[in-house]
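Colleague: I have a structure here, written as structure tokens, and I will follow up with some questions on it.
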Amino acid sequence: MIRMSRYYFDMREGARFVPDEVGLNLDAAERAAAETAAEIGRELLPKGDAREVTVEVRNEHRQRVLTVTASLEIHRVNPAPQPPPLRW
């Protein structure tokens, strides 16, 4: 009987770490990691609660095999542009 490798995706939100205990095959783990990072990012990043969300996928030996990172950068123009003068 061939035993399929299991992969686990752990999540980091800043200092918070949430390990996966169930595991999936590598393709499913990669998809789940990307979807999870996007969902968390969509919820937290615009609010300023986090600037980067990372989901780590590890194998059954607890070795990292891939990382998915969603990030948001905001750059304001300083000084703010002024409206053009009115022309009559």
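Colleague: Once phi is turned into ³J(HN,Hα) by the Karplus curve 6.51 cos²θ - 1.76 cosθ + 1.60 with θ = phi - 60°, what whole-Hz value does each residue of segment 12-29 show in order, with x for glycine and proline?
Modeller: Coupling constants for segment 12-29: 10, 10, x, 7, 7, 10, 10, x, 8, 10, 8, x, 9, 6, 4, 4, 5, 5 Hz.
Colleague: Return the Rg/Rh value of segment 7-71, two decimal places, where both radii are evaluated on C-alpha atoms and Rh is the Kirkwood radius.
Modeller: 0.98
Colleague: For M11, enumerate residues with amide H under 5 Å from its amide H, sequence gap 5+ or separate chain, H modeled in the peptide plane.
Modeller: V18, D20, E56
Colleague: Relative contact order (percent) for segment 7-71, with alpha-carbon contacts under 8 angstrom and 6 or more residues of separation?
Modeller: Over segment 7-71, the number comes to 37 percent.
Colleague: Could you please state, rounded to a whole Å, how far the C-alpha centre of segment 16-37 is from the C-alpha centre of segment 59-80?
Modeller: Their Cα centres are 16 Å away from one another.
Colleague: With n ≥ 4 as the cut-off for DSSP H runs, can you work out [θ] at 222 nm for the chain, using -39500 (n - 2.57) per run divided by the number of residues, rounded to the nearest 500?
Modeller: Only helices count here, giving -7500 deg cm²/dmol.
Colleague: Taking the dipole about the Cα centre of segment 7-71, with the C-beta of Lys and Arg at +1 and of Asp and Glu at -1, give me whichever of A15, L66, T54 is farthest to the positive side.
Modeller: After comparing all options, I get A15.
Colleague: Roughly how many debye, to the nearest 20, is the charge dipole of the chain about its Cα centre, given +1 on each Lys and Arg Cβ, -1 on each Asp and Glu Cβ, and no other charges?
Modeller: Dipole magnitude for the chain comes out near 300 debye.
Here, each number is a calculation from the coordinates, and none is a lab measurement. Worth saying up front: this structure is predicted, and the values here are computed from it rather than measured. Using ideal geometry, Cβ is built from the backbone for each residue, glycine included, and neighbour counts are taken over all protein chains shown.
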